[in-house]
Amino acid sequence: MRKMLAVAAVASCALLLYAEDSAAEYEKRAKKLENEEGLSHVSLGKHCENTKMWKEAVEEWSRVAEIFPDNKEATEHLAKAQERADVVVSRPSEKDAATYATGLATMKKTMAKKWRDLAAWATSKGLESEAADAVARAEEFESAKKTTGTGKQGAVDWLNGERRKCKLPPVELGDELTDGAQKHAEYLVKNDAHPSTKGLGAHREDENLPGYTPEGARAGMQSDIGRSAPPQAMKGMLGTFYHRMPLLHPDLRKVGIGYATVSGGNGEGEGAGEGRGRGGRWGGGGGWGRGWCVIDYSGKGERDEKAPRVVAYPPDKATSVQLHFAGEEPDPIPPGEDPECGMPVTLGFVDGERVTNAAVVLTAGGVTVDGYLSSPEKPARADFPNEGICFIPKDPLSANTKYHVKVTAKVNDEDFVKEWDFTTGK
């Protein structure tokens, strides 16, 4: 009997190790496909630059910057394309436009097939969650709506990609919310030099200043606000703590996005100045340019019982995670400390749970990462309470590294433990 139990235990351990090895292999293969897509967008981006298709160049370099979030060259190309798109109307030849369209279509078809193949492989290994993820990736490329986009819908598409990784339902661009957000963005442009729009004042409107509207004033008080085009601003928001949380609420159904440039942009995300990224110390990061981007996150619907009510970010098994904290105001970093920190790790509680005794252990290769902890019981700022748990590494994360997160706490006086992994990009 003991021998049978021992054999069973050995077999169980072998199966567990097999599953872990298969999951690690999936992450490796998925990472390879993401890198392949990124390099394809690099080629398309360079073609667009050479043919002066600046709007399309912004789309391509936006995707490159998303896949390789800490690649300096991609950021520089994106900033250049954004600057040109702001002042130059693209008029490519039919041949150049056709070459770009063919290249983009071929890339999408190729990537869709490779993700389908990876889904089949994951299924053969019994990796149900990974197989579903690969199918969803393939469907994104197969969909006619698949686009990186420089405008408002592009930002929503990107947000939905991140929400999908968190197993959250998608959101849509709401007309009424967007109208208010656009009015507030235009108010900020008209009063860009006014002292009242500096810092957190950017959320408020003064009825005595030009461009004031009740709709814009309302939108400003329920929005994340950045200074780059919508897709870059949205990505910046998720690189923060405070500005991230409302965008990952499970009951969020609609967002509104407004964008206008100080030089008189068109509100469709075509033209922000040079990105300043994490150095911006701005509400939501997302780069620092000549524009104002307003993202209204007030469009919540009914409670979604199927969606997770505790939301981890970066999500489990995420890859190409950015290395740096994007910077925001209010600033959760203690006064006097180096602001050049790592990507925040958050766990959102959305149902009013009482969270106490929170602790976060972030490790890489068995080495514990030092950082700043914020919790409902002990918030980073006494003047800015938070419902979730946040851990911000004191230093930027290491590139191409797998991290393990373990969060422990008392939730409504019950023991709570959650563990997950993610892998950084370049």
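Of K254/K406; K317/K426; K32/K306, which sit over 26 Å apart, Cα to Cα?
K254/K406; K32/K306
For the chain, with the dipole built from +1 on Lys and Arg beta-carbon atoms and -1 on Asp and Glu ones, taken about the Cα centre, which of A132, T240, A185 lies farthest toward the positive end?
With unit charges placed on the Cβ atoms, the residue in question is A132.
Would you mind pulling out the separation of the Cα centroids of the range 351-385 and the range 171-195, in Å?
33
When ranked by the protection proxy of mean other Cβ atoms within 10 Å per residue, highest first, what sequence do the peptides 346-356, 58-68, 120-130, 321-331 form?
58-68, 321-331, 346-356, 120-130
Once you put a point 7 Å from the Cα of A359 and another 7 Å from the Cα of R309, both along the Cβ direction, what distance in nm separates them?
Placing both labels 7 Å beyond Cα along the Cβ direction yields 2.6 nm.
What are the ³J(HN,Hα) values, in whole Hz, obtained from phi via the Karplus relation 6.51 cos²θ - 1.76 cosθ + 1.60 with θ = phi - 60°, for each residue of the range 191-204 in sequence order, with x given for Gly and Pro?
10, 4, 8, 6, x, 5, 9, 7, x, 5, x, 5, 7, 10
May I ask you to give the percent of accessible area on the range 45-107 that is carbon plus sulfur, with a probe radius of 1.4 Å?
Taking all protein chains in place, the range 45-107 shows 50 percent carbon and sulfur surface.
Place a +1 charge on the Cβ of each Lys and Arg in the range 210-262 and a -1 charge on the Cβ of each Asp and Glu, then give the dipole magnitude about the Cα centre in debye, rounded to the nearest 20.
Here the range 210-262 has a charge dipole of around 100 debye.
For the range 109-201, just list the percent of Cα-Cα distances falling in each 10 Å bin from zero outward, please.
14, 30, 26, 15, 11, 4, 0
Give the accessible surface of the chain per residue, rounded to a whole number of Å², with probe radius 1.4 Å and ligands, DNA and RNA excluded.
Value for the chain: 46 Å² per residue.
I'm checking a number: the convex hull volume of the Cα atoms of the range 193-247, normalised per residue, in Å³. What is it?
94
Which FRET efficiency value, to the nearest 0.05, do you get for A105 and K426 by plugging their Cβ-Cβ distance into 1/(1 + (r/R0)^6) with R0 = 25 Å?
0.40
Just how large is the dipole of the chain about the Cα centre, in debye to the nearest 20, putting +1 at every Lys and Arg Cβ and -1 at every Asp and Glu Cβ?
1040
I'd like the carbon and sulfur percentage of the solvent accessible area for the range 112-184, probe radius 1.4 Å, heavy atoms only, ligands and nucleic acids excluded.
Within the range 112-184, the accessible surface is 53 percent carbon and sulfur.
Would you mind telling me the share, in percent, of accessible area of the range 306-411 contributed by carbon and sulfur at probe 1.4 angstrom?
That fraction is 50 percent.
Per DSSP helix of 4 or more residues, -39500 (n - 2.57); summed, then divided by the residues of the chain. What does that give at 222 nm, rounded to the nearest 500?
My calculation for the chain gives -13500 deg cm²/dmol from helical runs alone.
Take the Cα atoms of the range 283-426, build their convex hull, and give its volume per residue in Å³.
Here the figure is 142 Å³ per residue.
Could you tell me, in Å, what Rg and Dmax come out for the Cα atoms of the range 20-118?
In order Rg, Dmax, the Cα atoms of the range 20-118 give 15.3, 52 Å.
Could you sort F422, F384 by their accessible area in this structure, using a 1.4 Å probe and putting the largest first?
Descending accessible area places them as F384, F422.
Give the residue from F141, F384, Y259 lying farthest towards the positive end of the charge dipole for the chain; charges sit on Cβ (+1 for Lys and Arg, -1 for Asp and Glu) and the dipole is referred to the Cα centre.
Of the options given, the answer is F141.
At a Förster distance of 41 Å, what's the computed FRET efficiency of A382 paired with E25, Cβ-Cβ distance as r, to 0.05?
0.30
So which GluC sites (Glu not before Pro) in the range 192-252 pass both tests, a DSSP loop state and at most 11 other Cβ atoms within 10 Å of the Cβ?
Passing sites in the range 192-252 are E207.
Calculate the tail of P(r) for the range 342-384: the fraction of all Cα-Cα distances greater than 16 Å, expressed in %.
Looking at the range 342-384, the distances longer than 16 Å represent 47 percent of pairs.
Mind checking which of S375, L362, A326 is farthest towards the positive end of the range 326-394's charge dipole, using Cβ charges of +1 (Lys, Arg) and -1 (Asp, Glu) about the Cα centre?
Of the options given, the answer is L362.
Suppose accessible area is computed on protein heavy atoms with a 1.4 Å probe; arrange V405, V42 from highest to lowest.
Ranked list, largest accessible area first: V42, V405.
How large is Rg over Rh for the range 116-263, taking Rg from the Cα atoms and Rh as the Kirkwood inverse mean of 1/r across Cα pairs?
Over the Cα atoms of the range 116-263, Rg/Rh equals 1.09.
Within 10 Å, count the other beta carbons around each residue, average over each peptide in 224-237, 302-315, and list them highest first.
224-237, 302-315
The values are calculated or read from the model by the stated rules, or taken from the named source; none is laboratory data. What you are looking at is a predicted structure, and each value in this text was computed from that prediction instead of being measured. Cβ: placed from backbone, ideal geometry, glycine included. Neighbour counts: every protein chain shown. Just the protein is used for accessible areas: all its heavy atoms, side chains included, with ligands, DNA and RNA removed. Shrake-Rupley method; radii C 1.70, N 1.55, O 1.52, S 1.80 Å.
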